[in-house]
1. Give me the distance between the Cα centres of the stretch 69-84 and the stretch 114-133, rounded to whole Å.
2. Could you tell me the convex hull volume per residue, in Å³, taken over the Cα atoms of the chain?
3. With a 1.4 Å probe and all protein chains in place, put Ser107, Ser81 in order of accessible area, largest first.
4. How big is the Rg/Rh ratio for the stretch 122-191, C-alpha atoms only, Rh by Kirkwood, two decimals?
5. In whole Hz, with x marking every Gly and Pro, tabulate ³J(HN,Hα) for the stretch 166-178 from phi via Karplus 6.51 cos²θ - 1.76 cosθ + 1.60, θ = phi - 60°.
6. Calculate the dipole size of the chain relative to its Cα centre from +1 charges on Lys and Arg beta carbons and -1 charges on Asp and Glu beta carbons; express the result in debye to the nearest 20.
7. Through the Karplus equation 6.51 cos²θ - 1.76 cosθ + 1.60, θ set to phi - 60°, convert the phi angles of the stretch 143-160 into ³J(HN,Hα) values in whole Hz; use x for Gly and Pro.
8. Tally up the carbon and sulfur contribution to the accessible surface of the chain as a whole percent, 1.4 Å probe, everything protein left in place.
Amino acid sequence: MPRGIAVDDAGNIYVAEEAGSRIRRIDPSGVITTIAGNGQTKPQGHNPRIAGDPGPAALAARQGAIDRCFAGETVEAILDSLAQEAAGGGTEAEWARETRETLLTKSPTSLKITLRQLIAGRGFALEEALALEYRLTQHVMAGHDFYEGVRAVVIDKDQQPHWEPATVAEVDDATVDRYFAPLGERELRFF
């Protein structure tokens, strides 16, 4: 649990952990470094499995493959890149195959909405991002796939959702555009 948080002019975030066991720096690229302490104090409820610096993030070693596979501007391009990475037989082939298989189980409409949101929102201020999130939730809740996902996972537990449309190829730009359409009087506003 953080005891204190500070930010410097370079965009680094400093977190002082509860019980004063260490201070960590998170740089603007997301790299976390312990700069003071060793995390070895034993507060009540101490768990030795999580004491100390965990080292580099597990995904850091995979960053090159992630960058290659997710550089596409369309879901189709990303799926194609993952297939190529898997077919290449390199060190990340299994990860690429599993990632592609996982994505293909998700709502095709949601995949396209999410990618567009990530691209469109890159430079958004917090208020803009929250307003877009709210707009998307309102449109998603008026659609089919959210409820179908809940049915398949929570209610019937059959893990067999029937998405509408069923494939990424069937989700056209006009469909995605509708999820980004303004809500009129129902738009989220900040005072």
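1. So the two Cα centres are separated by 21 Å.
2. Given the Cα convex hull of the chain, per-residue volume reads 202 Å³.
3. Numbers: Ser107 10, Ser81 30 Å².
So the residues, ranked largest to smallest area, are Ser81, Ser107.
4. Working: Rg = 14.8 Å, Rh = 14.0 Å.
Using Cα coordinates only, the ratio equals 1.06.
5. Using θ = phi - 60°, the values come out as 7, 10, 4, 4, 7, 8, 8, 4, 4, 5, 5, 3, 4 Hz.
6. Numbers: 20 positive and 29 negative charges, 166 e Å.
Around 800 debye, computed over the chain.
7. Coupling constants for the stretch 143-160: x, 8, 5, 4, 5, 5, x, 4, 4, 5, 9, 9, 7, 7, 6, 7, 6, 10 Hz.
8. 57 percent
The values are calculated or read from the model by the stated rules, or taken from the named source; none is laboratory data. Predicted model only: the values in this text are computed from it and were never measured. Every residue, glycine among them, receives a Cβ derived from its backbone with ideal geometry; neighbour counts consider all protein chains shown. Heavy atoms of the whole protein, side chains included, go into the accessibility calculation; ligands, DNA and RNA do not. Shrake-Rupley method; radii C 1.70, N 1.55, O 1.52, S 1.80 Å.
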